[in-house]
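Mind looking over this structure? Questions follow.
The values are calculated or read from the model by the stated rules, or taken from the named source; none is laboratory data. Source: prediction; values computed, not measured. Neighbour counts are summed over all protein chains in view; Cβ atoms, including those assigned to glycine, are modelled from backbone coordinates with ideal geometry. The accessibility values were calculated without ligands, DNA or RNA, using every heavy atom of the protein model including side chains. Shrake-Rupley method; radii C 1.70, N 1.55, O 1.52, S 1.80 Å.
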Amino acid sequence: MKDKVLSTVLSGLSDKNVRFEDLRKLLLRLNFTERNKGDHHIFHKEHVAEIINLQPLNDGKAKAYQVKQVRNLLLKYKLHNEG
């Protein structure tokens, strides 16, 4: 069964409604390494050239453009199959 957060991110239909903590946990489940600088959560993974820098909104949601960046990265590196 596919992960609900992964399905939501991949669908691209609810980018404004993804909780920051859910997106963060998704990346950690996909074996990304996280480091923090203030409210910046920086994720990287071996064999993935890009890094992802996420910041939560005041309401606890992820920024829509950052959800899109995560989706594009998952598709580009076919990481959605690992979820």
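When both residues are 6+ apart or on different chains and their Cβ atoms are under 9 Å apart, which pairs have a first residue that lies in the stretch 51-67 and is free of Cβ contacts under 8 Å to residues at least 12 places away in the same chain, and a second that is open to solvent by less than 30 Å² (accessible area, probe 1.4 Å) and β-branched (Val, Ile, Thr)?
Once the first residue is free of Cβ contacts under 8 Å to residues at least 12 places away in the same chain and sits in the stretch 51-67, its partners that are open to solvent by less than 30 Å² (accessible area, probe 1.4 Å) and β-branched (Val, Ile, Thr) give Ile51/Ile42.
Restricting to the stretch 1-19, and then to whatever is touching a helix residue (DSSP H, G or I) at 6+ places or on another chain (Cβ under 7 Å) and in a helix (DSSP H, G or I), can you tell me which residue is most open to solvent (accessible area, probe 1.4 Å)?
Step by step, filter the stretch 1-19, then rank; the result is Lys16.
Okay, next question. Test of understanding: among Leu13, Leu28, Leu54, Leu75, which residue is touching a Leu at 6+ places or on another chain (Cβ under 7 Å) and among the aliphatic types (A, V, I, L, M)?
Leu54
A further question on this structure: Yes or no: Asn17 more than 10 Å from the chain's Cα centre (by Cα), of a type outside the set (A, V, I, L, M) and at pLDDT 95 or above?
For Asn17, the condition - more than 10 Å from the chain's Cα centre (by Cα), of a type outside the set (A, V, I, L, M) and at pLDDT 95 or above - is met.
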